[in-house]
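Trainee: Let me give you the structure first, and then I'll get to my questions.
Bear in mind these aren't lab numbers, they're just calculated from the coordinates by the rules spelled out. This one's a predicted model, so the numbers in the text were calculated from it and none came from an experiment. Here the Cβ is made from the backbone with ideal geometry for all residues, glycine too, and neighbour counts use every protein chain on show.
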Amino acid sequence: MISGFVFRALEGKIVVAIAILLVIAILVPALNLLTPPDSALHIPTYAVSLFGKYLCYALLALALDLVWGYCGILSLGHGAFFALGGYAMGMYLMRQIGSRGVYGNPVLPDFMVFLNWKELPWFWHGFDWFVFAMAMVLVVPGLLAFIFGWFAFRSRVNGVYLSIITQAMTYALLLAFFRNDMGFGGNNGLTDFKDILGFPVQADGTRAVLFAMSAIMLAFCLLIASAIVRSKFGKVLVGVRDAESRVRFLGFRVENIKLFTFVVSAMMAGIAGALFVPQVGIINPGEFAPANSIEVVVWTAVGGRGTLIGPIIGAVLVNAGKSFFTGAFPEIWLYALGGLFIAVTLFLPKGIVGTVQHGLKARKAMKAAVEAEKGRDEAAPVAQAQAAE
Amino acid sequence: MNTISETRQKSLLYLENVSVSFDGFKALNSLSFVVEPGELRAIIGPNGAGKTTMMDIITGKTRPDTGTVLFEDAIDLTKKDEADIAQLGIGRKFQKPTVFESHTIWDNLELALNRDRSVFATLFYTLSPEDEARIEEILSTIRLSHRKDELAANLSHGQKQWLEIGMLLAQEPKLLLVDEPVAGMTDAETAETAELLKEIAKTRSVVVVEHDMGFIRELGVKVTCLAEGSVLAEGSIDFVSNDPKVIENYLGR
Amino acid sequence: MGPRSDPLPALNEVGERELRRRRQSFFRSQGFRRGGTFRPADRGEIMTLKSLLQAFLACLILSFAAPSFAQSDPKPLIDALAKADFNEAEKLLGQIAASGDARVVPALNAFAEGDLYFRKSDNLVFIAKTAGSGFELIDPLTGASAGQAAKNAVTKIKVNNNLRRVIRSAMGGLTLLSADRAVRLQAADAVLRSPSPENLDLVEAALAKETDKEVKARMEEARAVSVLSSDRSIDEKRGAIETIKNLGGRNSLGILNSVSGSIDAGLKGDLDAAIAAIESEQQLWDMAQNVWYGLSLGSVLLLAAIGLAITFGVMGIINMAHGEMVMLGAYSTFVVQDVIRDNAPNLFDWSLAIALPVAFLVTGAVGLVIERGVIRFLYGRPLETLLATWGVSLILQQTIRSIFGPTNQEVGNPSWMSGSFPVGGMTITWNRMWIILFSMSIFVALLVLLKKSAFGLNMRAVTQNRRMASSMGIKTPWVDAFTFALGSGIAGIAGVALSQIDNVSPNLGQSYIIDSFMVVVFGGVGNLWGTLVGALSLGVLNKFLEPSVGAVLGKILVLVLIILFIQKRPRGLFALKGRAVEA
């Protein structure tokens, strides 16, 4: 049963994409670590971290695509799940600092010492244990998504209403995490990480491994997403997107379908956030900003929602563009991003991948229609004969 | 008293004194309505008579303000939601054909098949030979076998109506509610649809809402005329169409 | 110029309230009953006292031609201050006050200010003013110069807050007999604020002579306050407690609380009852003040949301650039004021009135362009509209940032927008007052436009049945465009008002967009009344949560409550029910 589930996922394009990601996971770190710095093939460490960041964004976009592209739920709060995953990882990294902080407190992170806290808040316990922290990377975003979705989908909050309240959700979290007494470092967030699983975070080797992990996790989540999308469940999902009430009247529990997808997607976003934090070295409440979540939507839209490869391509392209513009013409970047939002919705609603696929399909459909036209003449008498019976 | 309880026991669907109002507008006004097992029933009535609202109530989309809605004399439908009711065996075709346009015709039927609809069951579902046979069978019933791999979006209006009926068949309902199945169909298609519904009604109950009097005549079944939220007349097509109240309210002089 | 708020308006309200409270006490101490002008720089106890004394001085010189009360010479008493410790000084001050000689006022004034010095050589007391490296000495009674002195030749007579209080009441007592009604009233106020038993005889003497009703009432209160700390009979004190209770307010509460430790056991019950009565009255006023703040916040929300109620509520367009329309309106105000400052400064009080049509036209035109250029291609695709208009909002923000820079722009308040006035136990600032009135009038105007005008009729026709409207000959595309322009224009007008209470920066709109959507969704889409009720109730809810949980947590709670509310009633407070639409 499970094997069927996974096997279905391995359809042509997905296999290629996964293979490419795995090759990148090996090749980029290898070129970074094994080639001399003056070699033409050498990839500098900063570039490794930058690409790693793009891969995390790609995973976030993939997660969003699962709910938006396939289920029609436009979440404007996926940044919240990403940030929560990031905070879970950040808390682990903070605990790893130990007594190397500025205040040298073996248990309390610096900001707690600064705030005159005497002991670790209850929700920080366990985060010194990697396995627990990684479980929280999945559990916390998943739980939030579950609670939020349980309420929202059960009462059939739909369309733009849902989008607006997801935005309110991340906005509320933004305000909450800005508060010092929440115990997550307030405005400054969590930073000054030292090491992860005993390896220094800043070291080239660690960064290369983090990059490889990002690529592998992206490949893994792509596999999962593909398996979901190509199962009967995935077809129901698209059904919910296109004709929700029909799905309901066929006897499916639409709220459960949405809830499952939302939770899986939130967990993927959490993984992306967790991989993101050690590579950029900081997590702060800014990640909850509603604008961030909307940006994810444009990555997905550019690449092509409702396709699995699209969001990955979109996230990498848009972020590469952002890196370039904010470096070269910082003034222009918001114009470019704003223009992109408008252009994609007006001229490229299916996104890059979607448009290409559509073109290919249209050609195929043309051929099929011609075939069918020939076939119909033969089939028609049969139908009439059946009707007469 | 005895006859009422007998009616109830025999019934497949039993509505008694059902009322519902929206912002003061009484969409249904103590409507009572009974469908027996294996019955094919037609419903006519002017716009706003409450035909669609009645279907909404039967399928759990709208909750009645007062009244009893029973399925098989035991199940209170007012306490269930759409998915529950669909799983109990009540299928519904919308006025506007509603199929999954970005799926193939085959996939549309596969989704509609009466199998375990839980999240995990659908995640790990694989098509079994008998399911395959069943889909093929329905495809031929709705005359779409030759187009099974095409997207539903490419079907004509009438074919979409048939596909939707096919999906309802795949659902294996005990009761089928069909809202204006021949709207926008050619005469030939209308005739074929009448045949199709009669065929279907051999194994289950069907309730058809339609404006097309010719089509209803073709079905040749018991007719219920609704107006202003309650039953105006019930009987054979000739009986109903000669009722002065029906002529006044619906057919016109 | 009112205080500027930071990006979280709610946060700022707390600070503002604190400021208002201070202002309130300032006004009382000034004896201004209404309409006084206020400069924020004039805050603080010392400054308050100084201006009080100066005001008195001016009146005294005119009115106290001759000393009219006790006739003992105050000069030796003042000189005795040179060697007195704080306790002795307090007694001396009592005697000086009892002298009733108005000539001591400058000396008392100087004492409170710390400008009273004694000469080491002869222990005589002088008022000293800095002159070059030393001091110029002034006779405390006559005001005549007594020559220069080196800094080390004189010693400052120390003063503490207790003494300042004593001085204040002494001054009050001294002026209670003034011929000028206003001075007497102020004097009674001064005694009221810092009562002392020493003044009691003075107050009673003044009371006996007083004929003016208002002054007499004030003096009665002042007497009551003084009686409590004196050694009068229990019955008299009971009467005093009653008088103070009827006076009400925070000050009375303070007075009663301050004597509760020393009061006769027999009066304890009366005192506690009076305190409880004042406290409950105070609570009512606090509640009223909270409601007022809530209405004020609610009207800001209403302003921000009302344009959205048209574009989103009526047309169903998710305009994420709505906040930027508000921002453009605020910048229009800035530009209008800039032009006025340069060309016709005397028109400045009219700047907002001029900015209103300008902002409406500018944002309306921008709205028209957005609708024709982007939105009309996306009707029926709300999620795409959301994304495209978000893009528009980014472009608008960056455009403003490129033209005006990323920093806050200074938008001035016309004179009629500043200041405040008291209503019972609360204070109402003019700018909030105007904004409430303004948002209500916008609301009414819009309601009338939609219900009564031909354009409103066309608009409702198009939104209800586009095809029918079109076949009736209504040019639906233009109705769409102008409806959107109307919604945008109203957002621009809102921007004019919000420029008066918020930072005018390119990010202005961002802080309102989520709140605005919350208001419209909460109130019920497609219903202007819903927007009104939604805005006001969210504003009041916010203000009632704030004192107990803090501004930020209050806002979070409100968001969470709205999210839960939408689950319960997905179509908002005032949703229209209807036959469920198919599919």
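Trainee: On full extension of the chain, what length is gained from residue C:341 through residue C:423, given 0.36 nm per residue of separation minus the C-alpha to C-alpha distance?
Mentor: Taking 0.36 nm per residue and subtracting the Cα distance, the gain is 26.1 nm.
Trainee: Once the Cβ-Cβ distance between residue A:16 and residue B:126 is put in as r, and R0 is 35 Å, what FRET efficiency do you end up with, to the nearest 0.05?
Mentor: Working: r = 24 Å, r/R0 = 0.70.
Given R0 = 35 Å and the Cβ-Cβ separation, E is 0.90.
Trainee: Right, here's the next one. Would you mind checking region A:55-96 for residues with the amide N under 18 Å from a putative spin-label position 7 Å along Cα→C-beta of residue A:114?
Mentor: The answer is A:87, A:90-96, whose backbone nitrogens lie closer than 18 Å to the label point.
Trainee: Quick check on the protein assembly as shown: of the DSSP beta bridges with both residues there, what percent are antiparallel, nearest 5%?
Mentor: Percent antiparallel among DSSP bridges in the protein assembly as shown is about 70.
Trainee: Continuing with the same structure: For Cα pairs less than 8 Å apart in space and 6+ apart in sequence, what is the mean separation divided by the residue count of region C:307-508, i.e. the relative contact order in percent?
Mentor: On the way: 272 pairs, mean separation 87.4, N = 202.
Relative CO of region C:307-508 lands at 43 percent.
Trainee: Let me ask another. Let me check against my output: what whole-number percent is the relative contact order of chain A, with C-alpha pairs under 8 Å and at least 6 apart? Each step should come with its number before you reach the end.
Mentor: Values: 582 pairs, mean separation 117.8, N = 389.
Value for chain A: 30 percent.
Trainee: Per 0.36 nm of contour for each residue apart, how much would the distance between residue C:361 and residue C:265 grow if the chain were fully extended, relative to their Cα-Cα spacing?
Mentor: Computed gain between residue C:361 and residue C:265 is 27.4 nm.
Trainee: Rounded to the nearest 20 debye, what is the charge dipole size of region B:46-120 about its Cα centre when +1 sits on each Lys and Arg Cβ and -1 on each Asp and Glu Cβ?
Mentor: Around 220 debye, computed over region B:46-120.
Trainee: Along the Cα-to-Cβ line of residue A:366, 7 Å from the Cα, sits a label point; which residues in region B:145-160 have backbone N less than 17 Å from it?
Mentor: none
Trainee: Principal axis lengths of region C:307-508 from Cα atoms, whole Å, largest first?
Mentor: The Cα atoms of region C:307-508 stretch 55, 42, 34 Å along the principal axes, largest first.
Trainee: Same structure again: May I ask for the net charge around residue C:455, where only other residues with Cβ less than 14 Å from the Cβ of residue C:455 are counted and Lys, Arg are +1 while Asp, Glu are -1?
Mentor: Around residue C:455, the charge tally is +3.
Trainee: Go ahead and run the numbers for FRET between residue C:258 and residue C:156, Cβ-Cβ distance against an R0 of 30 Å, rounding to 0.05.
Mentor: Taking R0 as 30 Å, the efficiency between residue C:258 and residue C:156 is 0.50.
Trainee: Cross-link list A:53/A:118; B:10/B:174; B:79/B:198; A:322/A:350; B:80/B:245; A:232/A:367: which exceed 24 angstrom alpha carbon to alpha carbon?
Mentor: Listed pairs above 24 Å: A:53/A:118; B:79/B:198; B:80/B:245; A:232/A:367.
Trainee: Let me ask you something else. Arrange the peptides A:306-312, C:534-540 so that the one whose residues have, on average, the most other Cβ atoms within 10 Å appears first.
Mentor: A:306-312, C:534-540
Trainee: Next question. Just counting partner chain Cβ atoms within 10 Å, what average do the residues of peptide C:399-406 show around their Cβ?
Mentor: The per-residue average across the peptide is 1.
Trainee: Taking each pair of distinct Cα atoms in the protein assembly as shown once, what is the resulting Kirkwood hydrodynamic radius in Å?
Mentor: After inverting the pairwise mean of 1/r, the radius is 36.5 Å.
Trainee: Using packing as a proxy for protection, rank C:276-285, C:233-242, A:314-323 so that the peptide with the highest average count of other Cβ atoms within 10 Å comes first.
Mentor: A:314-323, C:233-242, C:276-285
Trainee: Sticking with this structure for a sec: Kindly put B:118, A:49, A:99 in sequence by how many other C-beta atoms sit within 10 Å of each C-beta, fewest to most.
Mentor: By the 10 Å Cβ count, ascending: A:99, B:118, A:49.
Trainee: Another question, if that's okay. Relative to the longest principal Cα axis of chain A, at what angle does helix A:78-97 sit, 0 to 90 degrees, rounded to 10?
Mentor: With rounding to tens, the tilt is 30 degrees.
Trainee: Something else about it: Which whole-Hz couplings ³J(HN,Hα) result when phi for each residue of region C:370-380 is put into the Karplus expression 6.51 cos²θ - 1.76 cosθ + 1.60, θ = phi - 60°, listed in order with x for Gly and Pro?
Mentor: 4, 5, 5, x, 10, 5, 5, 7, 10, 4, x
Trainee: Now for a separate question. Tell me which residues come under 5 Å, amide H to amide H, from residue B:230 once H is placed; ignore anything under 5 positions away on its chain.
Mentor: For residue B:230, whose amide H was placed from the backbone, the distant partners under 5 Å are B:29.
Trainee: Cα gyration tensor of chain A, axes a ≥ b ≥ c as square roots of the eigenvalues: rounded (a/c below 1.5), prolate (a/b > b/c) or oblate?
Mentor: prolate
Trainee: Give me C:275, B:75 sorted ascending by neighbouring Cβ count inside 10 Å, so fewest comes first.
Mentor: B:75, C:275
Trainee: Residues of B:80-86, mean number of Cβ from any other protein chain within 10 Å of their own Cβ, rounded to a whole number?
Mentor: Values: counts 0, 4, 9, 10, 2, 3, 6.
That average works out to 5.
Trainee: Right, here's the next one. Would you please classify the overall shape of region A:17-105 from the alpha carbon gyration tensor, given that a ≥ b ≥ c denote the square roots of the eigenvalues, rounded means a/c under 1.5, and beyond that prolate means a/b larger than b/c while oblate covers the rest?
Mentor: Because a/c hits 1.5 or more and a/b fails to exceed b/c, region A:17-105 counts as oblate.
Trainee: Rounding to the nearest 20 debye, state how big the charge dipole of chain B is about its Cα centre with +1 on each Lys and Arg Cβ and -1 on each Asp and Glu Cβ.
Mentor: 420 debye
Trainee: Quick one: net charge of residue C:474's neighbours, Cβ under 13 Å, K/R +1, D/E -1?
Mentor: Cβ neighbours under 13 Å give a net charge of +3.
Trainee: Further question on the same structure: Across peptide C:559-566, how many C-beta atoms of other chains are within 10 Å of each residue C-beta, on average?
Mentor: Per residue, the average neighbour count from other chains is 5.
Trainee: Where does each of B:25, A:146, A:127, C:484 land when they are ranked from fewest to most other beta-carbon atoms within 10 angstrom?
Mentor: Fewest-to-most ranking of B:25, A:146, A:127, C:484: B:25, A:146, A:127, C:484.
Trainee: Around residue C:347, with a cut-off of 13 angstrom between Cβ atoms, what is the net charge of the other residues, counting Lys and Arg +1 and Asp and Glu -1?
Mentor: Taking every other residue near residue C:347 into account, the sum is -2.
Trainee: Quick one: angle between helix A:254-280 and the longest Cα principal axis of chain A, in degrees between 0 and 90, rounded to 10, please.
Mentor: 40 degrees
Trainee: Spelling out what I want: for every residue of region A:331-339, take phi, set θ = phi - 60°, compute 6.51 cos²θ - 1.76 cosθ + 1.60 (Karplus), and round to whole Hz; glycine and proline get x.
Mentor: 4, 6, 4, 5, 4, 5, 5, x, x
Trainee: Of the peptides B:178-184, A:36-42, C:422-428, A:81-87, how do they stack up when ordered by the mean number of other Cβ atoms within 10 Å, highest first? Numbers along the way, then the final one.
Mentor: On the way: B:178-184: 21.3, A:36-42: 8.9, C:422-428: 15.0, A:81-87: 31.9.
Taking the mean over residues of other Cβ atoms within 10 Å, the ranking is A:81-87, B:178-184, C:422-428, A:36-42.
Trainee: Would you work out the relative contact order for region C:429-520, in percent, from Cα pairs under 8 angstrom that are 6 or more residues apart? Don't skip to the answer; put the middle values down first.
Mentor: Numbers: 30 pairs, mean separation 18.8, N = 92.
Relative contact order comes out at 20 percent.
Trainee: Grab the DSSP H runs of the protein assembly as shown that are 4 residues or longer, score each as -39,500 (n - 2.57), total them, divide by all residues and round the 222 nm result to the nearest 500 deg cm²/dmol.
Mentor: -20500 deg cm²/dmol
Trainee: To continue, here is another question. Check which residues have an amide H placed less than 5 Å from residue C:146's amide H, if you skip close sequence neighbours.
Mentor: C:137, C:138, C:139
Trainee: Right, here's the next one. Quick one: if you stick a label point 7 Å off each Cα along the C-beta vector at residue C:449 and residue B:153, how many nm between them?
Mentor: 3.9 nm
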